[in-house]
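All remarks here apply to the structure that follows.
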Amino acid sequence: MLRRSVVGRLDAGVERPEDREFITEDPIDTLKRERPRYVAAALTVLRAFIAAGMPEQARPLGGFAEWSHLVRDALIWLGEPDPLDTMERVREQDPKRERSGSTVAHEDELHGAGEPDDADERRGRPDAGTILGFWL
């Protein structure tokens with residue numbers, strides 16, 4: 001499940017955030033009203049990334065190669081942190097990992113540790129025109 005998790009951290013900057021009172025509009029209402037602007041901004045980022053040749057920024061996450069090559073690499077290309085940075089922190093804090101680590105090591109000893117065989121990586125990078133052909 002770790003591969004499908006991204007951790008977000010919110011810091012309200014106050015001791016008891018649940019007691020805050022907001023004088024702004026409900027964020028859901030804002031997002032609904034401003035949705036076209038947010039969609040346009042996201043598509044502009046993707047278009048710029050594609051125009052730059054979709055430079056690979058990080059090794060793709062197995063099983064999520066298309067997402068990794070388009071969304072994750074675009075974010076890193078913009079200078080944003082890698083969305084997968086939290087995955088390793090979650091893995092380090094996983095109590096099941098410690099218990100299963102010895103099992104994996106034992107299996108490697110018995111059968112040998114081979115290279116990952118990821119179908120997404122064998123197929124290579126997705127073509128931007130295929131992914132976003134409807135607006136290119």
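Of all residues in the stretch 41-68, those satisfying the criterion of being surrounded by 14 or more Cβ atoms within 10 Å (Cβ to Cβ), at pLDDT 95 or above and part of a helix (DSSP H, G or I) are V45, L46, R47, F49, I50. When L10 is tested against the conditions (1) exposed (fewer than 10 other Cβ atoms within 10 Å of the Cβ); (2) at pLDDT 90 or above, the lone failure is (2). Determine, yes or no, whether R97 is modelled with pLDDT of 55 or more, within 30 Å of R9 (Cα to Cα) and either aromatic (F, W, Y) or assigned to a loop (DSSP other than H, G, I, E, B) (or both). Considered against the rule, which asks whether it is modelled with pLDDT of 55 or more, within 30 Å of R9 (Cα to Cα) and either aromatic (F, W, Y) or assigned to a loop (DSSP other than H, G, I, E, B) (or both), R97 comes out as no.
The values are calculated or read from the model by the stated rules, or taken from the named source; none is laboratory data. Small disclaimer: the values here were computed from a predicted structure and weren't measured. Every residue, glycine as well, gets a Cβ built from its backbone with ideal geometry; the counts of neighbours run over all protein chains shown.
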